[in-house]
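Heads up, the thing below is written out as structure tokens.
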Amino acid sequence: MKKFSIIMILCLVFAFMLAGCGKSEDKKEEDKEKTTQSPSKEDSGEKTEPTKGEEKDVTETPAPTASPEPEVTDAPDVTEEPTATEEPTVTEEPAATPEPSVTETPVLSPIDLAAEEEAKQYDIPGVLGIGLSRIKNKIENNESITIVDVEYDRIFLPEDVAAAYPAFAATAELINKENAELSNKAFEEFRTYAEDPDSSSVYFNYFKGDILRADEYVVSVWYNNSNYSGGLRPFTAYAGASFDPVTGQKLKISDICNDIDSLGTILAYKLAEKYDNWEDEEEIGKLVEDLNAKCKEGTISFTVGNEVVTFYFVPYEITSGELDNMSVSIPLNEQFVAETASGQQMIGLFGKKYRTVPDSFLMTYSLGEEASLVGLNSGNSAIDTISVNFMEIGEYSWKGLRFMVNGDPIFEDPDIIYNEDETYLYLAKSGEKTFLIVNQLYDGEDPYTTVYSIVNGEVNKTTETSLGFEYYRDNFDDGTDSIKLVYRIMKDPLQMKMESRHDVIGTTFETAMYRIAESGEFEKISRYYDFEGDITLTLKTEFMAGMIDPELAFAPDSESMGEFDINVELGVGDAIHLKKTDGERQLFFVTDNNEWGTFNLDQEGLSYNGVPLNEVFDGIAYYD
């Protein structure tokens with residue numbers, strides 16, 4: 001305001017100076033006009049008294065002539081005043097006339113902008129196949145006990161996602177690089193501890209995460225950073241990070257929240273209710289002030305899920321006591337009464353864009369961590385928390401699972417084997433039902449999946465199957481001795497690519513598309529299985545099969561086999577590359593000449609036209 005006042009004063013002074021200049025010019029013009037228009041007494045024809053010594057001669061007194069008058073007419077220095085009328089350069093104020101159109105348009109407040117957004121319609125976002133892969137670096141002592149353990153997760157984007165969202169792909173690479181540098185630095189520091197071969201202390205640094213949401217509107221990742229380098233206990237901090245996949249920018253609270261002024265108060269009272277650490281209104285009032293400041297500064301970490309927005313606070317961030325990490329969740333569809341330009345209106349606390357989610361979703365989940373979902377316990381709109389932990393079964397290495405909802409144990413499964421390096425957990429929601437999916441890779445290859453349904457606080461094991469999620473596998477080298485684990489990829493529960501093992505023509509792995517039914521069973525929605533990798537068989541005898549049109553045979557919803565009236569004829573030594581199967585008898589292949597064909601094994605299997613398969617093809621192998 002002070003700055004504005006100074007500017008106004010300077011403008012007034014400048015205006016007065018201009019006005020003064022204008023007046024002095026007018027005065028000069030006026031004087032000039034008087035001088036030009038006032039003839040001398042002689043010119044006016046008045047009789048003048050002669051000076052002393054002069055004769056008085058009337059006849060020779062020159063009469064007024066008209067010659068001076070032309071000077072008057074010429075003198076239109078006065079009539080040349082059009083130069084003054086050309087001052088409409090000042091009246092060329094049309095340049096300033098656009099200003100009313102700007103000033104006439106009112107600047108909308110954030111609340112009014114949020115109210116306008118409520119009328120917009122957003123398309124349901126598609127799920128992005130973004131995943132995490134874990135890098136492990138370990139050192140063991142003389143007794144093969146791990147004494148140094150450094151692990152971190154990398155954000156992984158398949159090629160098609162990286163091509164569609166290059167900005168976020170670049171952001172992910174920067175995050176991965178930073179995490180790798182920090183983890184490698186910790187590993188080098190811990191390496192000195194391993195120089196003592198008798199050391200039994202375990203020094204570790206973990207930077208692990210879960211993807212809580214990944215779609216076309218937002219990618220949200222939860223992180224757990226745990227470190228122990230000596231002392232009484234390790235330090236653990238939870239944090240969240242959310243990104244716009246289009247711009248690659250990290251989202252701020254002000255980007256997602258429509259009422260930033262009230263958010264601190266909402267968080268304070270929810271924290272006080274959950275943790276019971278603030279005893280009176282005065283303490284809560286101080287917490288409100290602190291959180292309001294943090295909200296406006298944008299220093300609170302958060303994740304945007306499919307049902308809730310969760311805010312995270314590390315130890316000592318908002319309390320002086322030795323509390324663990326704290327978090328509080330707010331329903332994504334929370335509303336408040338807003339004072340808008342058109343009056344009171346109910347609008348969402350969070351932007352409508354971020355509230356637009358699929359009816360079914362899936363998120364990765366870490367054992368022992370707490371996840372927040374809506375209506376998990378009672379089926380109503382309340383937020384419930386779930387955590388799943390392993391439990392030792394007697395003296396054996398078998399590890400069962402214990403389910404807890406809102407801190408209370410509700411179910412135990414002592415029969416499942418849990419191995420951290422081979423077990424991947426997902427929480428999925430399809431319609432009104434929530435499922436915990438436990439996907440395991442025994443011996444790093446054979447998949448096995450168990451599904452538990454969670455409805456109204458009750459857990460039931462619904463499915464045990466040899467199906468497994470499709471995983472991306474590749475080599476990664478960051479300059480250290482790393483153990484590379486498979487990727488955990490976000491999926492749509494209604495369109496999931498699953499792996500399975502078949503022994504139709506040798507032992508092979510195939511994938512097909514499935515969805516989670518309300519029963520908790522996996523229902524296959526694609527017509528055929530696709531062979532994984534290059535399955536090439538070489539012919540030991542002459543071979544003939546029906547030729548097909550792949551575009552017709554494999555078109556969505558097509559019931560046609562796409563067969564031609566001609567055959568594919570091959571000889572000894574020719575190769576076929578297996579592409580698809582029905583999982584029972586029928587197989588589809590392509591030749592080196594890019595001809596597509598199909599054939600059916602005999603009813604009893606393991607033979608073709610009565611000839612054992614190992615006499616027809618070279619390259620068939622079966623595994624236990």
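Table for the structure above
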| read-out | value |
| --- | --- |
| Highest-first arrangement of 500-506, 339-345, where packing means the average Cβ count within 10 Å | 500-506, 339-345 |
| For E189, net neighbour charge (Lys/Arg +1, Asp/Glu -1) across residues whose Cβ lies under 14 Å away | -2 |
| Within segment 274-311, trypsin sites (Lys or Arg not before Pro) in DSSP loop having at most 16 other beta-carbon neighbours inside 10 Å | none |
| Estimated FRET transfer efficiency (T192, R233; beta-carbon r; R0 22 Å; 0.05) | 0.55 |
| Segment 260-334 - Debye-derived log10 I(q)/I(0), Cα point model, q = 0.14, 0.22, 0.26 Å⁻¹ | -0.41, -1.05, -1.43 |
| Amide hydrogen neighbours beyond the local backbone of K491, cut-off 5 Å, H modeled | L362 |
| Computed log₁₀ I(q)/I(0) - Debye formula, equal Cα scatterers, no solvent, segment 100-247, q 0.10, 0.13, 0.17 Å⁻¹ | -0.53, -0.74, -0.98 |
| Simple label model, 7 Å out from Cα along Cβ direction - Q495 to E282, nm | 6.0 |
| By accessible area with a 1.4 Å probe, ligands and nucleic acids excluded, highest first: order of I416, I266 | I266, I416 |
| FRET efficiency, N600 to E464 (Cβ-Cβ, R0 35 Å, nearest 0.05) | 0.70 |
| Length released on extending from I260 to E334, taking residue separation times 0.36 nm less the Cα-Cα span | 25.3 nm |
| Spin-label model distance (nm) - E181 vs D549, 7 Å beyond Cα toward Cβ | 5.7 |
| Distance-filtered residues of segment 601-624 - backbone nitrogen under 18 Å, label point 7 angstrom along D503 Cα→Cβ | 601-608, 612-615, 619-624 |
| Around E542: net Lys/Arg minus Asp/Glu count, Cβ-Cβ under 13 Å | -2 |
| Potential extension, A167-N567 segment - 0.36 nm per residue separation minus Cα distance | 139.1 nm |
| In Å², nearest 10: area of M346 left accessible to a 1.4 Å probe | 100 |
| Neighbour net charge for S226 - beta-carbon separation under 13 angstrom, K R +1, D E -1 | -3 |
| Area accessible to solvent at Y193, 1.4 Å probe radius, in Å² | 80 |
| Sequence of E551, E412 from largest to smallest accessible area, 1.4 Å probe | E551, E412 |
| Extension reserve of the H577-Y623 stretch, reckoned as 0.36 nm per residue once the Cα distance is removed | 14.6 nm |
| Per-selection Rg to Rh, segment 548-624 - Cα, Kirkwood hydrodynamic radius | 0.97 |
| Residue-level accessible surface for C257, protein heavy atoms, 1.4 Å, Å² | 10 |
| Heavy-atom accessible area ranking, 1.4 Å probe, most first, across K120, K497 | K120, K497 |
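The values are calculated or read from the model by the stated rules, or taken from the named source; none is laboratory data. These numbers come from a predicted model, not from an experiment. We place every Cβ from the backbone using ideal geometry, glycine too, and count neighbours over all the protein chains shown. Accessible surface areas use protein heavy atoms only, side chains included; no ligands, DNA or RNA. Shrake-Rupley method; radii C 1.70, N 1.55, O 1.52, S 1.80 Å.
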